[in-house]
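Scroll down for the structure; my scribbles are underneath it.
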Amino acid sequence: LFLQRGISEATLRLFKAGMAHANKLNKRICFPVYDRKGRIIGFAGRWFKEEVPFESVKKWKLIGQKKTWLFPNHLNEDIIRAAREVIIVESVGDLLAVWEAGYQNVMCIFGTDMSPKQLSYVIGLDPNRIIIATNNDTRNNAGQVAAGKMLKKMSEHFQNDQILIHLPTKNDFGEMNSTEIRDWYAQIS
């Protein structure tokens, strides 16, 4: 699935992606989530095919307390600090696409709501620019609504000119190739 979307084997290895063959994450491509001490505290699993077989099967399944997850800070906290910029996305799939396009200063919030711990983490990073890049949902506008809520939360801690809502040009970054993502980023450079 991710290889078909242009995510390299090297990136998938870096994120320790693997296929689950049993239990709650059966038939899902799984990504371990680590805490700051390098311990696994959860898993994000994506259904192994593009389309799910029926509505009751969710595309993504999370095991653990996502409100405590700072993903992938074990790989890129220093990169974000050096860039003085963070791109905030909804899912691991979005994160992988942005990473593959060359932007490793990216953070996944695992949904449409930023938890207090995630917000505190971003505050601690002290970025010059925060790019809110939730999904550009045309069906239900959930990503646009989420972006507005995040902007409101963050504006209590950052100057308005530090925060930018810049949604993907397609539904989400997983639907965009690396060239399209670089073009998306060039619009705000």
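The values are calculated or read from the model by the stated rules, or taken from the named source; none is laboratory data. Given the structure is predicted, the values throughout are model-derived calculations rather than measurements. As a convention, Cβ positions derive from the backbone with ideal geometry for all residues, glycine included, and neighbour counts pool all protein chains shown. Just the protein is used for accessible areas: all its heavy atoms, side chains included, with ligands, DNA and RNA removed. Shrake-Rupley method; radii C 1.70, N 1.55, O 1.52, S 1.80 Å.
Okay, here's what the table says:
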quantity	calculated
Top-ranked residue in the stretch 1-26 [being outside any strand (DSSP E or B), touching a strand residue (DSSP E or B) at 6+ places or on another chain (Cβ under 8 Å) and among the hydrophobic types (A, V, I, L, M, F, W, C); ranked as nearest to PRO72 (Cα to Cα)]	PHE15
Qualifying residue in the stretch 94-104 (condition: touching an Asp or Glu at 6+ places or on another chain (Cβ under 7 Å), surrounded by fewer than 23 Cβ atoms within 10 Å (Cβ to Cβ) and in contact (Cβ under 8 Å) with a residue 40 or more places away in the chain)	no
Out of GLY102, GLY42, sole residue that is modelled with pLDDT of 95 or more and closer than 21 Å to LEU1 by Cα	GLY102
Subset tally (residues that are farther than 25 Å from TRP99 by Cβ and of a type in the set (Lys, Arg)) for the stretch 124-148	1
Evaluation of PHE110 against (1) modelled with pLDDT of 95 or more; (2) more than 25 Å from PHE48 (Cβ to Cβ) (one fails), failing number	(2)
Those residues of the stretch 111-152 which are among the hydrophobic types (A, V, I, L, M, F, W, C), buried (at least 16 other Cβ atoms within 10 Å of the Cβ) and under 24 Å from LYS59 (Cβ atoms), in sequence order	MET114, ILE131, ILE132, ALA133, ALA146, ALA147, MET150
Count of residues meeting criterion [surrounded by 18 or more Cβ atoms within 10 Å (Cβ to Cβ), at pLDDT below 95 and farther than 17 Å from LEU95 by Cα] in the stretch 1-39	0
Meets criteria (closer than 15 Å to TRP184 by Cβ and either in contact (Cβ under 8 Å) with a residue 12 or more places away in the chain or open to solvent by 20 Å² or more (accessible area, probe 1.4 Å) (or both)) for THR169	yes
